[in-house]
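Reviewing the structure listed below.
Read-outs: derived from the displayed coordinates by stated rules, not from any lab. Small disclaimer: the values here were computed from a predicted structure and weren't measured. Please note: Cβ atoms are built from the backbone with ideal geometry, for glycine as well, and neighbour counts cover all protein chains shown.
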Amino acid sequence: MTKDVETRDRFVELRAEGHTLTKIVEELDISYNTAVNWNRAYFEQIKAARAIKLEELQEKYMISKERKIELLGERLLAVKEELARRDLSDVPTSKLFDMLLKCQAALEKEAVRLVFMTEEDIERAKTKRLYHEELYKGMV
């Protein structure tokens with residue numbers, strides 16, 4: 001029995017939100033085998049939908065993140081300016097270098113990598129993944 005498109009779309013949405021297969025099986029009233037098959041078949045769509053959801057969350061909380069990056073950037077500039085005025089043989093200078101490195105590391109830590117995929121990208125990734133799965137099956 002084939003499930004309707006609405007059910008499959010809801011499956012992708014729930015997986016993108018991070019729900020377990022067991023919970024989705026109960027909510028959508030589908031078999032566990034169907035859930036496993038859809039999870040495999042729609043892996044790239046789930047991944048793409050998850051990226052969109054993460055982007056939405058980042059946008060929602062970006063004000064505090066933006067401010068954090070601004071503050072770290074301002075501190076980084078202040079440390080650089082102070083370092084430019086200092087004699088590098090001075091002991092406190094080493095502490096400024098330490099601050100500089102810490103600020104740079106903190107800014108790098110705030111960076112977030114998002115992956116956006118077009119329908120073509122999704123199809124290519126799916127084809128590649130299925131090819132590798134078949135290779136793996138052949139090895140087992």
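Only alpha carbons enter this Debye calculation for segment 17-140, each as an equal point scatterer, and the log10 of I(q)/I(0) it gives at q = 0.15, 0.16 Å⁻¹ is -0.86, -0.91.
Extension gain, T22-D121: 0.36 nm per intervening residue step, less the Cα-Cα distance, totals 32.7 nm. Against the chain, whose longest principal axis is taken from its Cα atoms, helix 43-85 shows a tilt of about 0°. Averaged over residues, the count of other Cβ atoms within 10 Å places the peptides 111-120, 68-77, 38-47, 126-135 in the sequence 38-47, 68-77, 126-135, 111-120, highest first. Computed from Cα positions, the angle between helix 91-110 and the longest principal axis of the chain comes to roughly 20 degrees.
Report the extension gain between L100 and D29 in nm, rounded to one decimal, defined as 0.36 nm multiplied by the number of residues separating them, less their alpha carbon distance.
20.0 nm
Note on the chain: GNM, Cα springs under 10 Å; of A78, A16, A51, the largest mean-square fluctuation is that of A78.
In this structure, the pairs whose alpha-carbon distance is over 19 Å, taken from K47/K128; K47/K109; K23/K60, are K47/K109; K23/K60. Couplings for segment 21-30, taken from phi via the Karplus curve 6.51 cos²θ - 1.76 cosθ + 1.60 with θ = phi - 60°, read 4, 4, 5, 5, 4, 5, 5, 8, 6, 10 Hz in order; Gly and Pro are left as x. To the nearest 10 degrees, how steeply does helix 119-139 sit against the main Cα axis of the chain, on a 0 to 90 scale? Helix 119-139 sits roughly 70 degrees off the main axis of the chain.
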